[in-house]
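The values are calculated or read from the model by the stated rules, or taken from the named source; none is laboratory data. It should be emphasised that the depicted structure is a prediction, and the values quoted were computed from it without experimental measurement. All Cβ positions, glycine included, derive from the backbone under ideal geometry; neighbour counts span all protein chains shown. Keep in mind that these areas ignore ligands, DNA and RNA; they rest on the heavy atoms of the full protein, side chains included. Shrake-Rupley method; radii C 1.70, N 1.55, O 1.52, S 1.80 Å.
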Amino acid sequence: MFLPTDTFKTVVASTPLVSIDLLVRNAAGELLLGERLNRPAQGSWFAPGGRILKNERLDTAFERLTQDELGQAFKRAQGKLLGVYEHFYDDSVFGDAPDTHYVVIAYALDLSAEQTVQPPSVQHGRYRWWPLEAMRDEPRIHSNTRDYLQALY
């Protein structure tokens, strides 16, 4: 269930949001990142993902988010749970205020050499496959995304 804007702004100001991030690796071991169009983390390279909706089961959220973010639905059983993370931002989709707090459930999703994804340009303006080694010190990659690297090795 998507909330009306005023209600959602109150939620962002008052509670953490729960989301799923998708660490998608191709057969070469590179990670798919998108350049964020929206706040928070606007302009930085970030893992695809999104919020879990009220009354949405994790399996359903995973399938919806993979479809929305990757252009193809995957089952949650196809992913590997990496862990639960906290993301704090000084801004939000609404601007400089309120700030945003996410509790993120991160999953790795490994693609075979035959599998491809066609991510739509809704949340991210462009996409790129990044070698993991190149991500460690790259300032354009958001620190919250770089934090996942330890779990990927």
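If you wrap a convex hull around the C-alpha atoms of segment 3-84 and split its volume per residue, what is the figure in Å³?
Looking at segment 3-84, the number lands at 119 Å³ per residue.
Amide H to amide H under 5 Å from residue 18: which residues, 5+ apart in sequence or cross-chain, H placed 1.01 Å off N in plane?
Here 52, 103 satisfy the definition.
How are the Cα pair distances of segment 19-64 distributed, in percent, across 10 Å bins from 0?
With a bin width of 10 Å, the distribution comes to 25, 42, 31, 2.
Tell me which GluC sites (Glu not before Pro) from segment 86-153 have a DSSP coil assignment and no more than 10 other beta carbons within 10 Å of their own. Please report the intermediate quantities before stating the final value.
Values: sites: 86, 114, 133; in loops: 114.
Within segment 86-153, the qualifying GluC sites (Glu not before Pro) (loop, at most 10 other Cβ atoms within 10 Å) are 114.
Taking the alpha-carbon set of segment 96-141, what are its Rg and Dmax in Å?
14.6, 44
Distance between the C-alpha centers of segment 12-63 and segment 92-138? Whole Å please.
6 Å
Using a Gaussian network model on the chain with a 10 Å cutoff between Cα atoms, which of 78, 42, 115 fluctuates the most?
Sorting by GNM fluctuation, first place goes to 115.
Net charge near residue 35, counting Lys/Arg +1 and Asp/Glu -1 over other residues with Cβ under 9 Å of its Cβ? Mind dumping the intermediate values first?
Working: positive: 36, 126, 128, 140; negative: none.
Its environment carries a net charge of +4.
Can you give me the accessible area per residue for the chain, using a 1.4 Å probe, in Å²? Present the calculation step by step, with values, prior to reporting the outcome.
Details: 8200 Å² over 153 residues.
On a per-residue basis, the chain sits at 54 Å².
If you stretched the chain out fully between residue 110 and residue 130, how much longer would it get, using 0.36 nm times the residue separation minus the C-alpha to C-alpha distance? Let's see the in-between values first.
Numbers: separation 20, 0.36 × 20 = 7.20 nm, distance 1.40 nm.
So the chain would gain 5.8 nm between residue 110 and residue 130.
Using the Cα centre as the reference, give the magnitude of the dipole from point charges on the C-beta atoms of the chain (Lys, Arg: +1; Asp, Glu: -1; all else neutral), rounded to the nearest 20 debye. Working shown, then result.
Values: 16 positive and 20 negative charges, 56 e Å.
Rounded to the nearest 20 debye, it is 260 debye.
Return the distance in nm (one decimal) between the two label points of a simple spin-label model at residue 10 and residue 53, each offset 7 Å from Cα along Cα→Cβ.
Result for the modelled spin labels: 2.0 nm.
If you take the C-alpha gyration tensor of segment 41-153, multiply each eigenvalue by 5 and take the square root, what semi-axes do you get, largest first, in whole Å?
Its equivalent ellipsoid spans semi-axes of 21, 19, 15 Å.
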